[in-house]
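J.: One structure, as structure tokens, below. Some questions next.
Values in this text are rule-based calculations from the coordinates and carry no lab data. Just so it is clear, the structure is predicted and the values come from calculations on it, not from any experiment. Here the Cβ positions follow ideal geometry from the backbone for every residue, glycine too, while neighbour counts run over all protein chains shown.
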Amino acid sequence: MKQQGKTILIVDDEASIREMIAVALEMAGYNCLEASNTQEAYSIIVDESPNMILLDWMLPGTSGIEFARRLKRDERTSETPIIMLTAKGEEDNKILGLEAGADDYITKPFSPRELVARLKAVLRRATPAGVENPIDINGLVLDPASHRVSANSTPLDIGPTEYRLLQFFMTHQERAYSRTQLLDQVWGGNVYVEERTVDVHIRRLRKALGGDHEHLIQTVRGTGYRFSTKAS
């Protein structure tokens, strides 16, 4: 049972620790990504937008604590929950970690059960109220909990990028967004994606929605796109 499609990024320079954590989290139903340093981690964060980061304090190059500060200063990642992993159990280091923006702190060695429990607690606190509830607009239903979309009770076959695009639109109705804004919000600011890629995914999304709902995604000339139940 997948935990509502939640993806966790594990950042630790020791492969054996990453593997141990990944096994525990995958058994608990989470998707896992791995990085051995902050440079690799940042690239994954930009591309994949994980729901949470498990971040080791001691890393080669940029330390975990400095990386946490950087992520909390960045608008795109400031809301992503961080749990610091460390062998440092002293109280002042714990306070340093929390002051840097970490949401929780777990000292090695830890049991997989403890890690999963702490992770679930942080994710619960980080999920805004109502975000996991189904959204229904004119018979088009997006259910974040099961990661499914249906139109008039008929399941739709929809790709992961189109799903994220639709979820963003359905939670941000009646406002026009430029292609650049959509890239930032849906693709996470991935600089390798061109603006015209947005048009390709909009076309795919409209096709997936079919005749009853494709009109909800409106082209705004000279600007970009808008999701609206009103006539354009």
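J.: What residue among M170, M20, M84 has the largest mean-square fluctuation in a Gaussian network model of the chain, using Cα springs under 10 Å?
T.: Ranking M170, M20, M84 by mean-square fluctuation puts M20 first.
J.: Here is a further query. Please grab the % of Cα pairs in segment 135-227 that end up more than 15 Å from each other.
T.: I get 57 percent for the Cα pairs in segment 135-227 exceeding 15 Å.
J.: Using a 10 angstrom Cβ neighbour count of at most 10 plus a DSSP loop assignment to flag exposed GluC sites (Glu not before Pro), which longest range of the chain is free of such sites?
T.: It runs 91-173.
J.: How would the chain be classified by its alpha-carbon gyration tensor: rounded, prolate or oblate, with rounded meaning a/c under 1.5 and the a/b versus b/c comparison settling the rest?
T.: It is prolate, given that a/c is not under 1.5 and a/b is the larger ratio.
J.: Relative to the first principal axis of the alpha-carbon coordinates of the chain, what is the inclination of helix 112-126, with its axis defined by its Cα atoms, in degrees from 0 to 90 and to the nearest 10?
T.: 50
J.: A further question follows. Please tell me the relative contact order of the chain in percent, rounded to the nearest whole number, where contacts are Cα pairs under 8 Å and at least six residues apart.
T.: 15 percent.
J.: Using the alpha-carbon centroid of each, what span in Å lies between segment 3-71 and segment 136-172?
T.: Computed from Cα coordinates, the inter-centre distance equals 28 Å.
J.: List the longest stretch of the chain that has no exposed loop site; here a site is one of the chymotrypsin sites (Phe, Trp or Tyr not before Pro) assigned by DSSP to anything other than H, G, I, E or B, with at most 16 other Cβ within 10 Å.
T.: Longest run free of exposed loop sites: 1-109.
J.: Follow-up question, since we're still on this one. Given Cβ point charges of +1 (Lys, Arg) and -1 (Asp, Glu) and nothing else, what value in debye, to the nearest 20, does the dipole of the chain about its Cα centre take?
T.: 800
J.: Over the Cα atoms of segment 7-126, how large are the radius of gyration and the largest Cα-Cα distance (Dmax), in Å?
T.: Looking at segment 7-126, its Cα Rg and Dmax stand at 12.8, 35 Å.
J.: Given the chain, what percent of its DSSP beta bridges are antiparallel, to the nearest 5?
T.: 50
J.: Report the calculated FRET efficiency for F110 and T197 (r = Cβ-Cβ distance, R0 = 45 Å), to the nearest 0.05.
T.: 0.65
J.: Further question on the same structure: Are any of the pairs K94/K120; K6/K108; K6/K207; K72/K120; K72/K108 more than 22 Å apart by Cα-Cα distance, and if so, which?
T.: In this structure, K6/K108; K6/K207; K72/K108 exceed 22 Å between Cα atoms.
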